[in-house]
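Here the structure is laid out as structure tokens; the discussion comes afterwards.
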Amino acid sequence: MASGWAGDDAVHEQIESSVAEAVEHARSRLPAGESRSHCLECEALIPEARRRAIPGVQLCVACQSEADARDRQVGHYNRRGSKDSQLR
């Protein structure tokens with residue numbers, strides 16, 4: 001069912017686009033290459049088990065947790081909110 005100027009599949013396309021962007025963002029954040037023996041930020045020793053489990057790891061657990069928290073604060077663009085506000 002179309003509403004306003006939107007096509008029949010507009011909501012589905014919007015969801016697919018948002019999911020594809022989230023997947024691409026997650027893939028871009030995956031480490032690559034050789035793991036470091038010491039943390040890039042604090043120089044703490046990265047345990048061998050972590051280096052084997054996550055190829056290309058660059059940060060210790062504490063620094064990685066802080067980096068993940070910073071990334072969560074950024075957030076993503078809310079297309080639906082933007083579209084709804086334009087239609088009002």
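General remarks:
- In the stretch 20-39, the condition of being among the basic types (Lys, Arg) and at pLDDT 90 or above is met by at least one residue.
- Only one of the numbered conditions (1) on the phi < 0 side of the Ramachandran plot; (2) part of a loop (DSSP other than H, G, I, E, B); (3) not aliphatic (A, V, I, L, M) is violated by Glu43, and that is (1).
- Note on the stretch 1-51: residues that are exposed (fewer than 11 other Cβ atoms within 10 Å of the Cβ), of a type in the set (Gly, Ala, Ser) and either closer than 14 Å to Gln64 by Cα or touching a residue at least 24 places away in the same chain (Cβ under 8 Å) (or both) amount to 2.
The values are calculated or read from the model by the stated rules, or taken from the named source; none is laboratory data. These numbers were taken from a predicted model, which means no experiment stands behind them. Counting neighbours? That spans all protein chains shown, and the Cβs are built from the backbone with ideal geometry, glycine included.
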